[in-house]
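Comments concern the structure below.
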Amino acid sequence: MSKQSYYIKGMTCQGCANNVKKILENIEGIVDAKVVLEEQKVEFTVSEEIPFPQLEQAFASSHYSIHKSLDDAQTQTFYVEGMTCSGCENTVRKSLETINDIKNIEIDLKEGSVSIQADKNIPFHQIEKALENTHYKAFQNQEDKEKRIKNKEKQVEQPGQKWHCPMNCEGDKTYDSNVGCPVCGMDLVPIASSYSTETIWTCPMHPEIEQNEPGSCTICGMDLVPKAPDASAKEQTYLKLRKKFWWSVVFTAPIFVIAMSEMIPGSPLYQIMHQKYWNWVQMILSLPVVFYFCWIFFERAWRSIITWNLNMFTLIGIGAGVAWLFSFFGLIFPDFFPDQFKSHFGEVHVYFEAATVILTLVMLGQMLEARAHSRTNDAVKALLNLTPHEATKIIHGEEIKVSVHSIEKGDLIRVKPGEKIPVDGKITDGNCSIDESMITGEPIPVNKNIGDLVSAGTINGNQSFVMQAEKVGRETLLSQIIEMVNSASRSRAPIQRLADKISAWFVPLVVLIATITFIVWAIFGPEPAYVYALVNAIAVLIIACPCALGLATPMSVMVGIGKGAQKGILIKNAEALELMNKVDSLIVDKTGTITEGKPSVEKVLSIKDDISTTEITQIIASLNAQSEHPLAKATSTFAQTNQITLLELKNFEAVTGKGVQGEIEGKKYVLGNSDILENSFELNKNKAVEAAKIYQEKGKTVSYLANENEVLGFVVISDKIKLSSKKAIERLQQEGVEVIMLTGDNEHTAKAVADEIGLVNFKASVLPGEKLDEVKRLQKLGKIVAMAGDGINDAPALAQANVGIAMGTGTDVAINSSEITLLRGDLEGIAESKVLSEAVVRNIKQNLFFALIYNSLGVPVAAGILFPFFGILLSPMIAALAMSFSSVSVILNALRLRNLKL
């Protein structure tokens, strides 16, 4: 008899302990099972040791799991939807820290997983409750999380307008209405939907006639036309702010004239009416500006204070609010203030003009920002405009004009010359030349034939064809591109962490400087000292602009990602965009990356005299019938072209990195590279390898065919090198990037390809796992590694690389494992991505430099540091103007990226 002890995860009460004990007692061989709930431990006596897998199996159908160590038992892993950046990570971490007993929290942003260690099991409902006031949702396993994401993607109905913060204060969080960001207080920016709103058709002569489909007017018979859409959400925001600005100007201008009249010789206005009454006029005129047109700034300031998310509106609210309240109380209770605050007319100095001019100029800044914001995602708007409003649907042989929203999967669509393709699908009749430049950036039209795929938004040439709809609505490539660009634009670049750290201390520091400014001027300033102190303190509050600091990174990221999308470079997140700038090692696959990925059979050879090349071809094509590899498709196409009938295949198996095997007519065959011939098939092996060498030295791929006893022959397959590969590799090498080719092909073929494109570093006969190992090896050497590939076998290495780059011509698995997708599918896109990354990072640094220099110079000048030397003071009104234009200038600098030549 011996004792065994283990640890249990999932126990929370005595009932759990009893259940665990019952499970143990039902296992044959266990006697005297004991459960210690407080220690999460079980002990039991056994006649002979029970294997641990048997114990795991016993707990598999329960809510508990058994572990060898306490650390494993105390670690709970779950998955969180919605985490995209360090800000999200901090929010989730802070929410979970409210749960007692948690000792450690580890968050993996890339996987979206959270691991917690606790002294006792934390019920999952407690974790859900901790996150319920955030926009993140916890799931017990990855499958549930993926299922929810897929369900959300299936919802093709048009959602309501969503908004996001231009400074990405809460990561990629979106809002249902434009109430202002709860963190920074800025106007939210509408997100362009990846699914266009349904088109309404109307009569140009009778606008009261409206319907959802094309047709004719029931009154005059004219063809209906698409109704002009309402102004976009961004345009509506701009128009609303413009209206408020001009009304503010109407009321602020006379206040400003009244206030400045004292400086005009003879004070003509005071000849008409005493200053006291003009002060009342200023106060009355200020009411609409302060309490209506610009009241939103005070609302944001108050929200920022009660949530302690201090921002630029905190400073504006305090500065303008103090100026207005001081003036109001000075007007109502003039005797309360000492003589220092009074003019030679005996009236307290009022600052209604300062408060209203400040607010009006801030409103001007907000209006200009709204106008500039509408230009930052021009790329998305251009993509949205690619989808046509209508299509020609074939119903029972009749061609009928329908709205693009009524197209369903399986429908037959006629695409006429010059028309835009309405949905993704496959050509079923005819051939054509398609202009795909708007999606891939490639200006040369692509010839398409029956069976080829076409994408929504691309333009047909001068031939008509019929296609079958396969993806509609949000499922189309165009919609996915728009969604990816939108999502990436809202992600946060690592460089933004610097701005976040500065912004966290910025507002309290400015308020402190303003307080010190008031005290210093009140004690040491010239008479009237208190007036100088108040005005300069307000100027400090107004001129400081955390907004310019916060906008520096997101604006550049948004424009840069949009620019990439226009060139067929889809970037999933801002981190990848920034990291691409630092990449110094690039690993590339051969097939489909350097080559076109469209292999074709060049020759079939038989090693045995009694087997014909036709028989060899028949066996090879039959073996490859169930394979998805591009080389397999080449042999199938070759057999089909030569009208060779396939044989029945049984027990098919793909041998990773080597080839395939299976049974045909009771005989076992293998097909693949030289590795599949190892340790067997000695007969004819050397003869076959020697005969194949001449083709391999020319860069061709050879697959050997063998039965259980001997090598029978081989097939020679060629894959043309892309015209852009050599030029792109030379360009990358000139920029200091080490390019390494890894291929599963043999040494001779790999060397021939490497020599042709000017590559020194390459490795042949590499298995998928070895590609992953190579990425890890380079990373251990301190390299920033990018991996470019297109196949399922590249997915692990793509996921491990610092930046994974998928060819848009490749598999979905490769694309999903990467951070950047090149729709053109060539290496030239990698060189362009690096240029784009360098330009965006440089633009971000320019913005950060400007914002920091502006604040570093502006705040001391506003505080009056130049007054002792030059007698210069900064008016709060000038400070407000400078503050407003600092944000606008950051946006305008980011917009320069639209003209970048890649």
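If each of Asp675 and Lys243 carries a label point 7 Å out from its Cα toward its Cβ, how far apart are those two points in nm?
For Asp675 paired with Lys243, the spin-label model returns 6.9 nm.
Quick one: if you stick a label point 7 Å off each Cα along the C-beta vector at Glu210 and Ser69, how many nm between them?
Calculated label separation equals 6.6 nm.
Which of rounded, prolate or oblate describes region 592-685 when judged by the alpha-carbon gyration tensor and an a/c cut-off of 1.5?
Rounded shape, in that the Cα axes give a/c under 1.5.
Taking 0.36 nm per residue of sequence separation and subtracting the Cα-Cα distance, how much length would be gained by fully extending the chain between Glu398 and Trp308, in nm to one decimal?
Numbers: separation 90, 0.36 × 90 = 32.40 nm, distance 6.50 nm.
Taking Glu398 through Trp308 to full extension adds about 25.9 nm, to one decimal.
Could you go through region 385-399 in sequence order and give the Karplus-derived ³J(HN,Hα) for each residue, using 6.51 cos²θ - 1.76 cosθ + 1.60 with θ = phi - 60°, rounded to whole Hz, and x for Gly and Pro?
6, 6, 6, x, 7, 9, 8, 9, 9, 9, 10, 6, x, 9, 8
Amide H neighbours of Leu712 under 5 Å, at least 5 residues apart or on other chains, H built in the peptide plane: list them.
Here Leu705, Ala706, Asn707 satisfy the definition.
Report, please, the projected area of region 7-62 averaged over directions, based on the convex hull of its C-alpha atoms, in nm².
With every direction weighted equally, the projected area is 3.6 nm².
So how exposed is His629, as accessible area in Å² (1.4 Å probe, rounded to 10)?
Answer for His629: close to 90 Å² accessible.
Ordered by residue, what ³J(HN,Hα) values in Hz, to whole numbers, does region 294-305 give under the Karplus form 6.51 cos²θ - 1.76 cosθ + 1.60, where θ = phi - 60° and Gly and Pro are x?
10, 4, 4, 5, 6, 4, 5, 4, 5, 4, 5, 6
Stretched out fully, how many nm does the piece from Thr641 to Ser600 gain, at 0.36 nm a residue minus the Cα gap? Please list the in-between numbers first.
Numbers: separation 41, 0.36 × 41 = 14.76 nm, distance 1.15 nm.
Length gained between Thr641 and Ser600: 13.6 nm.
In nm, to one decimal, how far is the modelled label at Gln846 from the one at Leu509, with both set 7 Å along Cα→Cβ?
It works out to 2.5 nm between the two label points.
Using the Karplus equation 6.51 cos²θ - 1.76 cosθ + 1.60 (θ = phi - 60°), what ³J(HN,Hα) coupling, rounded to whole Hz, does each residue of region 65-81 give in order, writing x for Gly and Pro?
With coefficients 6.51, -1.76 and 1.60, one gets 9, 9, 9, 7, 10, 5, 4, 5, 5, 8, 9, 10, 10, 9, 10, 10, 8 Hz.
For Glu648, Glu774, write out the residues from largest to smallest accessible area, computed with a 1.4 angstrom probe and no ligands counted.
Glu648, Glu774
Can you tell me how much longer the chain between Glu299 and Lys901 gets when fully stretched, taken as 0.36 nm per residue apart minus their C-alpha distance, in nm with one decimal?
212.4 nm
Starting from the amide H of Lys783, placed 1.01 Å from N in the peptide plane, find each other amide H under 5 Å away whose residue is 5 or more places distant or on another chain.
none
Please report Rg over Rh for region 817-879, where both radii come from the alpha carbon positions and Rh follows the Kirkwood definition.
That ratio equals 1.41.
The values are calculated or read from the model by the stated rules, or taken from the named source; none is laboratory data. The structure presented is a predicted model; accordingly, all values stated were derived computationally and were not measured. As a convention, Cβ positions derive from the backbone with ideal geometry for all residues, glycine included, and neighbour counts pool all protein chains shown. Note: accessible area is taken over every heavy atom of the protein model, side chains too, but ligands, DNA and RNA are not part of it. Shrake-Rupley method; radii C 1.70, N 1.55, O 1.52, S 1.80 Å.
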